[in-house]
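Below is one structure; the comments refer to it alone.
Rule-based calculations on the coordinates, nothing more; no lab input. Just so it is clear, the model here is predicted, and its values are computed rather than measured. Note that each Cβ is placed from the backbone with ideal geometry, even for glycine, and that neighbours are counted across all protein chains shown.
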């Protein structure tokens, strides 16, 4: 027959091991596994059916136009490290008939835990080879909070604050809403020389213009994963003369992430939440719980000569069980 004290020692040792393993799983293994994927290959679409833009070839304004903005992102796994991911993004805005209205390209490195830009790895934005390293790139940090975050903007080429604006339910998920606001923001792209008449001025001579941006961009973010579920851009780009007496709307569009892409992002976020619950709560909690139970059994068994309850031990010793 196995000595109960031997079993007690095993229970104490096993319990201590399980508790230690549970704590390591929660406070070391789990945080270390939180990282934005280095590999990425996805195209997201934003659409509108009622945009207004200035046709620079025909020198006239077109209204009620359907637009599609394709955002393609690809990860460079060879350039990535354990702490830094490198993605290249291509943004193409076209009409449904294929006329390209705008195009941007960038390669950026960012922290795989916080989502913040890192200045390395051949980063560029369009023709700019040193775009800076401030603000979020593509995702919010894990465990995003209801506070303001700086998010790098391609159109003005600098971080623009995305302020917390409320909590919603989207695709069955509790999401945080953040809003960037643009008011008379000078855009990074050069303007176009246009005939004075199309700018509301007299004459036919060409006049230089500068592009400005107004409006809002709204992000719906699942906070645990930091995944952006959907984006809505309600922006107006205006070409203005240096004295601001002449202007024309270059583009006015209210665009939102397509339903299919929104659904896919929501599924990714839901999968992360399941993983997060399992690895951050269930597994560590189960290990610690089993360890505590084993420690309790071991302590009880070790404190009695035969491992039996106290009243039986007292009876065998001829002691009274009364107080």
Task: On Cα atoms only, tilt of 4-24 relative to the major axis of the chain in degrees - done: 10 degrees
TODO: Write down the radius of gyration of the range 194-275 and its Dmax, each obtained from C-alpha positions, in Å.
DONE: 20.1, 65
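Apply 1/(1 + (r/R0)^6) to the Cβ-Cβ distance of residue 264 and residue 299, taking R0 = 51 Å, and write down the FRET efficiency to the nearest 0.05.
Details: r = 52 Å, r/R0 = 1.01.
Calculated transfer efficiency: 0.50.
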Task: Relative contact order (%) - the range 38-257, alpha-carbon pairs under 8 angstrom, separation at least six - done: 15 percent
Task: Folded to 0 to 90 degrees: helix 259-277 orientation relative to the chain principal axis, Cα - done: 20 degrees
- [ ] Round to a whole angstrom and tell me the spacing of the C-alpha centers of the range 227-274 and the range 56-80.
- [x] 11 Å
TODO: Fewest Cβ neighbours within 10 Å first, please rank 138, 17 accordingly.
DONE: 17, 138
Open item on the list: Based on the alpha carbons, how large is the Rg to Rh ratio for the range 38-257 when Rh follows Kirkwood?
Closed with: 1.00
TODO: Take the alpha carbon gyration tensor of the range 96-221, find the square roots of its eigenvalues, order them as a ≥ b ≥ c, and report rounded if a/c is under 1.5; if not, report prolate when a/b exceeds b/c, else oblate.
DONE: prolate
